[in-house]
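Participant: The structure under discussion is supplied below as structure tokens; questions concerning it will follow.
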Amino acid sequence: MIKQKRENGSYFPNNTYFQQQQNIENHRAHDEIVDLWTDVLAKRNLSSLGDEKWLILEQVFKSALHCSKQSIARHCLDQLEKQFKSTSRRVTTLNAMYHESIDDFKSADDIYSNLLDENETDAIVQKRQISLLKEKNQIREAISKLNTYLQLYQADQEAWSELCDLYLSEHEYVKASFCAEELLLINPHNHLNHERYASIRYSQGDYEGAPSYYFSALKINPTNIRALYGIILTSTNLATNNSSSNSRSNENNQGFTEQIQWAREQITQKYLEMLKWSCKINIKHYQIDSNKTTRSIYLYNNILAQELEQKIEQYASMHHRIYELEKQISDTQNELVNEQVEQHLLDQSSSAGVSRKPFVLFF
């Protein structure tokens, strides 16, 4: 029901950005699944569904854990254990996940260890152990375990992504950069891989290398706002560094300024498109109850006004940040010109034997 409702395009218009958001939402409907269970499925006899009943119970169990609904998760797990506990590693893994959710880490770890003793190549159980180490904030141990896992499953994109995040949390940018490169090799058509690698290069101070990957991300997905902000930041730093070290700084800074202006226009356009589509979606899916017309319109207008106000505040904050970055570049250029003028006047004064106080052209 939920999947069908989301796939028929009723939530988003035919637009690339919203199609991507719709695909993401297809995998994050845990709240709706729990609500569907509470309002409908829990009140019915699922035996008529046959074997599909167990798949539904498993999905509801996982969604309940995501929503911290331990009572619902326990109810589903009890039914699964009653049917499969003695024969299913899958249900045993679900039991360990339940222990994780109630912070019984020791019991969960014991279950995972026993499962790995039976089959040390079980990828799902190994990942759960790594997740358990993260929950206990044992980051170094999680990194070690994940490296061991990747020796067996070198093409696991999810594992490389997780290892990259763990290295970033430890500020080990060189190792995180290696993981990001592996992700680019595995899936070069994912714009997020390009954007992440560019951000790591930026964090390492490689302002010249990062922009090419930001532009690659934008080439694959023109709606990547983070890549546009990355171009603004790298161009700002390049302009600042170039002003203090390059005699042709004015010509080069003009190029950086043009990049910043272009990125600024793109960001403004994207936010306005998102705001426009948001308004259209709200209007399209708004239905007036004929018996409560006045009250419904009042409530709807309040909700829409709040959403518009929030988006306008976000846009204003973004616009102010871009203005500050441009002002920083302009101030840097002015300081450089002032220094050059002062030096020129001092040189003239020295050659003429006259002491003359330099003046400032820019403020």
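Participant: Does Lys219 satisfy the condition of being assigned to a helix (DSSP H, G or I), over 29 Å from Ile267 (Cα atoms) and basic (Lys, Arg)?
Facilitator: Taking the combined requirement at face value, the residue does not satisfy it.
Participant: Related question: Consider Ser169 against the criteria (1) in contact (Cβ under 8 Å) with a residue 24 or more places away in the chain; (2) surrounded by 15 or more Cβ atoms within 10 Å (Cβ to Cβ); (3) more than 25 Å from Trp262 (Cβ to Cβ): it satisfies all of them except one. Which criterion is unmet?
Facilitator: So the condition that Ser169 fails would be (2).
Each row is one residue, and each column tells you yes or no for (1) among the β-branched types (Val, Ile, Thr); (2) exposed (fewer than 14 other Cβ atoms within 10 Å of the Cβ).
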{"residue": "Leu65", "(1), (2)": "no, no"}
{"residue": "Ile72", "(1), (2)": "yes, no"}
{"residue": "His75", "(1), (2)": "no, no"}
{"residue": "Asp103", "(1), (2)": "no, yes"}
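Participant: Sticking with this structure for a sec: Out of Thr257, Thr236, report the one residue that is at pLDDT 60 or above and buried (at least 20 other Cβ atoms within 10 Å of the Cβ). Walk me through how you get there before you give the answer.
Facilitator: Values: Thr257 fails: buried (at least 20 other Cβ atoms within 10 Å of the Cβ).
After ruling out the rest, the residue left standing is Thr236.
Participant: I want to confirm something. Restricting to the range 211-233 and keeping residues that are of a type in the set (A, V, I, L, M, F, W, C), more than 17 Å from Thr257 (Cα to Cα) and buried (at least 19 other Cβ atoms within 10 Å of the Cβ), which single residue is nearest to the chain's Cα centre (by Cα)?
Facilitator: Ala217
Participant: Can you pull out every residue in the range 82-96 that is of a type outside the set (Phe, Trp, Tyr) and more than 36 Å from the chain's Cα centre (by Cα)?
Facilitator: Within the range 82-96, Lys82, Gln83, Lys85, Ser86, Thr87 meet the criteria.
Participant: Here is a further query. Of (1) hydroxyl-bearing (Ser, Thr, Tyr); (2) surrounded by fewer than 14 Cβ atoms within 10 Å (Cβ to Cβ); (3) in contact with a helix residue (DSSP H, G or I) (Cβ under 7 Å, 6 or more places away or on another chain), Tyr112 satisfies all except one. Which?
Facilitator: (2)
Participant: Oh, and also: When you scan the range 79-164 for helices (runs of 4 or more DSSP H) that lie fully inside it, which ones turn up with 1 or more residues that are over 29 Å from Cys179 (Cα atoms) and aliphatic (A, V, I, L, M)?
Facilitator: Helices (runs of 4 or more DSSP H) meeting the threshold: 89-101, 105-118.
Participant: Hey, any hits in the range 28-43 for a residue that's closer than 24 Å to Asn221 by Cβ, modelled with pLDDT under 80 and not in a helix (DSSP H, G or I)?
Facilitator: yes
Participant: Please tell me if Ser199 is assigned to a helix (DSSP H, G or I) and surrounded by 15 or more Cβ atoms within 10 Å (Cβ to Cβ). So that I can check it myself, show each step before the final result.
Facilitator: Details: assigned to a helix (DSSP H, G or I): yes; surrounded by 15 or more Cβ atoms within 10 Å (Cβ to Cβ): yes.
Here the answer is yes, as Ser199 does meet what is asked.
The values are calculated or read from the model by the stated rules, or taken from the named source; none is laboratory data. Just so it is clear, the structure is predicted and the values come from calculations on it, not from any experiment. Every residue, glycine among them, receives a Cβ derived from its backbone with ideal geometry; neighbour counts consider all protein chains shown.
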